[in-house]
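Here's the structure, in structure tokens; my notes come after.
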Number of protein chains: 2
Amino acid sequence: MNGAQALLKTLADAGIEVCFTNPGTSEMHFVAALDSEPRMRAVLALFEGVATGAADGYARMADKPAATLLHLGCGLGNGLANLHNARKGKVPVVNIVGDHATYHTQYDAQLQSDIETVARNVSPGFVRTAQSTAALCQDAADAIAAARGLPGQVATLVLPADVSWGEGGQPCPPPTLPAPAAASDEAVQALAQTLMQAIRSSEKTIVLLGGQALREGALRSAARIAAHSGVQLLAEVFPTRMERGAGLPAVERVAYLAELAGVQPAASLDKLAAALGASATQPPMAPAQRPGRPRGPLTAPKVCKAVGHLLPENAILIDEAITSGLMLGVMTAGCPRHDLITLTGGAIGQGLPNAVGAAIACPDRPVIALIGDGTAMYTIQALWSMARENLHVVSVIFNNASYSVLNVELERVGAEQAGPKAKSQLDLKGPVLNFAQLAQGMGVHAVRASTAEDFCQALEYALAHPGPHLIEALVPESLAGPKRKVLPWLLRALPSLPPQVARALKRKIAP
Amino acid sequence: MNGAQALLKTLADAGIEVCFTNPGTSEMHFVAALDSEPRMRAVLALFEGVATGAADGYARMADKPAATLLHLGCGLGNGLANLHNARKGKVPVVNIVGDHATYHTQYDAQLQSDIETVARNVSPGFVRTAQSTAALCQDAADAIAAARGLPGQVATLVLPADVSWGEGGQPCPPPTLPAPAAASDEAVQALAQTLMQAIRSSEKTIVLLGGQALREGALRSAARIAAHSGVQLLAEVFPTRMERGAGLPAVERVAYLAELAGVQPAASLDKLAAALGASATQPPMAPAQRPGRPRGPLTAPKVCKAVGHLLPENAILIDEAITSGLMLGVMTAGCPRHDLITLTGGAIGQGLPNAVGAAIACPDRPVIALIGDGTAMYTIQALWSMARENLHVVSVIFNNASYSVLNVELERVGAEQAGPKAKSQLDLKGPVLNFAQLAQGMGVHAVRASTAEDFCQALEYALAHPGPHLIEALVPESLAGPKRKVLPWLLRALPSLPPQVARALKRKIAP
């Protein structure tokens, strides 16, 4: 058994069943070994940022890591932005980065670079270069253990070609993961006291939830605490994954992050509820309600309204629409239960790859990804993987032909009188992108919609026909022309926006 | 004058006239300042790898650096692969990488990462974070000096937002660059003796040329030396830029790199020619000759033949066709004078961005970029920049629906009996990409050709109509089906291939 074969068995034994790949020459033994491990599914991406973003989306939904297979330092570099998002979201990912044979390093080959240094940016907790075929699988087990610890993280294992092809690979049993425990009784008592003290001494007390505390169990306990003690629950502004919808506690997102690190939030909050005497409290849940069916010329808020009108139960909603998705939270709050995935690290180009991974993790659930036009172009190659794997993903691209959020930022920095060169850096006109054609070129069924009626019809069709679809929503720039119409929506959305954006919007709305 | 305005003036004063941008929030002051410097052209890219690859291509043709404008560590990461290619090609590039405000770093903001560490991989010779608005332009001058030294290199200046927006920017005069001198008389004499000794003691002496020694002046001197002394000239296998064609010395490429570092090769070789008494020698030059017009079903060699048949004088030829471009060198050797740009660092996704930069550097010269299908998808967003800037670039994509070079490599590693999962990792079928649609979706005129007649007609049309064009050449996998027909061409091309690929091909051809 060579190193690659043993590695694949070790990964599969530890429950890693999917590898998102963009291999090159150094990874050919790993590729050749794929057929020796029937439990491993290999999903090809045409660009490394798709592979890493798919691994991120997969882990968010599967609650366990996928592997990536990347080609040397340059391949890792191409995948860096989405690994950054995974790191910020505390998402487990196991990177396998091929390298030249160990004895080849001295020649400074064409693709030679310092892989470990690049990797440390996104996987500071675990970067290791395998030194021998015999020890490779222990390295892999250590990487898996690092990735799956609490909180999750990105772990990077560099795999030199000779370690991969060498004979004498020894598969390793899965690492023992510490069972996520609830917080200790002492910690819970202390937290309960702190909370009661805050309630007694202040007019309004807010409990901030983040990370795993945004899943159902933890949310229910937190809602009991909130209802019993009269505190308000708020969620971090960019949740890695948030369970929400009718029948679940409704928690608004704010521009602040706080979370319970290193313990099991659901059990801990349950204990905290008990300590506060809130175990039997019946908190209010989000009522079932949907917005009506939008009509007339399409706008970004109408797209969000249509999604709220039609979102099926159990959907996975991916929000990377930046300015155009402002209304999404409000419009879907009362929809049937669903999961929400957001841009955790701010490195745009996450949404389409996340959709690939989420759809592979949950093949029976529809994925709806709302993506800005500027954003979509960073990892547009994800559409091909959706077609290749026949994933049930509806990609909605808001085509407003501009980097809207940067126009907001340009004003925010005081450059209100921006010249033509500056403005041209933020518009995506000349030529306006045709995302439907781009999708068709990669084998994805696609339509363009410029009325709400067309959009609704396209979304209904896409949801009724499993497989990949793209709907290009032709909308006016959300913050430009129809400012007045958007105004009421904006005002409602302001509390859930990052404070910088909210301030900039306020300045635009009421100068 | 704020920091950004002073920086732009400093760059322009030093002759940096183009900035390839993909800005984010932290770079808004730089963007806002663009209109204060009329000498600076800003070229927007939709993905950072396009911006860095365009800066690389620009510098290869303009013989001076462009700047890039990138957004934090993640933006730099997205641009890393093409900066690697620039580093390996010793190409000058000045990266401006925006960062959070200096006082913001302590908060570990959403996009925070260690930019300098990432940058050191591609610009080991110069990475600096600007610390104050007052000192910013001296930092920039130092970066420019580092980039433009001999040999050229990538220099990275990290620009925190507050340094950029701060008042009190002080433009800096252009750095004094040491004039590239010829090698010293002593060095030339020593080299002459070494050469004469080699000629006397061996049957065949080869002089390897690389880097700047592949430009006209150096080539002519080298050819005089070769003709006078009876040595053979060979060129590095992946030239950064090579001047070739009818009327210039014909130098074949081999799988070895050697170059004169730190001196001016043309002057040095001229001195060497004088030292050897070869100054008046009339070496043979490449004869003017073109292949005939190809006919019948299109194949990869026929595409190369068509390019050789039609290549206009003064064209810039970019070769990133990997397996499909094997015949390109042979087919264009006797074409009118042109420049050849190749994949210097092995990180695929260089060709289309290089074409953007080369076309901006040389607006009066047609650019023809031959790109493999797998390769094209890494930086396909470059097509949009070609349309936006209305560049005269003809992108030829060989669509054989596979990573052919990896199929060669898979066999090379001994995995001849690869299973279906392994093979599926190297094929790009299901769905087959439609590059014409992708190009049209980005505003580029595009056609598909499956016969040599159609291809020639499309190429003639594209060359006659300045502006961006894409021709998708539908070809069978070059090394699969029509092996017999390809055989004679392959045998002729073998000497100019990397030895690993040549060996693998030989094994395929004569197992």
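The values are calculated or read from the model by the stated rules, or taken from the named source; none is laboratory data. Note that the structure is a prediction, hence the values are computed from the model and not measured. With ideal geometry, Cβ positions are generated from the backbone for all residues, glycine too; neighbour counts draw on all protein chains shown. SASA here: full protein model, heavy atoms, side chains in, ligands and nucleic acids out. Shrake-Rupley method; radii C 1.70, N 1.55, O 1.52, S 1.80 Å.
A few points about this structure:
- Taking the protein heavy atoms of chain B in the context of the full set of protein chains, the accessible area attributed to carbon and sulfur is 54 percent at 1.4 Å.
- Label-to-label distances for A:Glu252 across copies, nearest first, come out at 7.5 nm, using points 7 Å from Cα in the beta-carbon direction.
- Estimated translational D of segment B:201-335 in µm²/s (Stokes, Kirkwood radius over Cα pairs; 37 °C; 0.692 mPa s): 207
- With its label point put 7 Å out from Cα toward Cβ, A:Gly467 sits 3.5 nm from the same residue's point in the other copies, in order from shortest.
- Residues of segment A:437-454 whose accessible area, computed with a 1.4 Å probe over protein heavy atoms, drops by at least 10 Å² once all protein chains are present relative to their chain alone are A:Gln437, A:Leu438, A:Gln440, A:Gly441, A:Met442, A:Gly443.
- Nearest-first distances (nm) between copies at B:Met1, label 7 Å from Cα via Cβ: 6.8
- Total buried accessible area between B and A, probe 1.4 Å, nearest 100: 6400 Å².
- Lone cysteines, the protein assembly as shown (no partner Cβ under 4.7 Å): A:Cys19, A:Cys74, A:Cys304, A:Cys335, A:Cys362, A:Cys456, B:Cys19, B:Cys74, B:Cys304, B:Cys335, B:Cys362, B:Cys456
- Note on the protein assembly as shown: helix-only mean residue ellipticity at 222 nm, from DSSP H runs of 4+ residues weighted -39500 (n - 2.57) and normalised by residue number, equals -12000 deg cm²/dmol.
- For chain A, the fraction of C-alpha pairs farther apart than 38 angstrom is 30 percent.
- Projected area, mean over directions - the protein assembly as shown, Cα convex hull, nm²: 41.0
- 10 Å Cβ neighbours from other chains, averaged over peptide A:428-436: 5
- Estimated inter-spin distance, B:Thr194 and A:Asp364, nm [label 7 Å along Cα→Cβ]: 7.2
- With R₀ set to 25 Å, the beta-carbon distance separating A:Asp114 from A:Gln138 gives a calculated FRET efficiency near 0.55.
- Residue-normalised accessible area of chain A, expressed per residue, 1.4 Å probe, Å²: 34
- Protein-protein interface of segment A:366-387, residues with accessible area decrease of at least 20 Å², isolated chain reference, 1.4 Å probe: A:Met377, A:Tyr378, A:Gln381, A:Trp384
- Per residue, the convex hull spanned by the Cα atoms of segment B:58-109 amounts to 81 cubic angstrom.
- Sparse-neighbour loop sites [trypsin sites (Lys or Arg not before Pro); segment A:263-304; at most 15 other C-beta within 10 Å; DSSP]: A:Arg295
- Based on C-alpha pairs under 8 angstrom that are at least 6 apart in sequence, chain B has a relative contact order of 14 percent.
- Within chain A, longest stretch free of exposed GluC sites (Glu not before Pro) [DSSP loop, at most 15 other beta carbons within 10 Å]: A:1-202
- Cα-only Debye scattering, segment A:1-129: base-10 log of I(q)/I(0) at q = 0.13, 0.14, 0.15 Å⁻¹: -0.49, -0.57, -0.66
- In a fully extended conformation the segment linking B:Gln457 and B:Ala187 would gain 91.9 nm over its present Cα-Cα distance, using 0.36 nm per residue.
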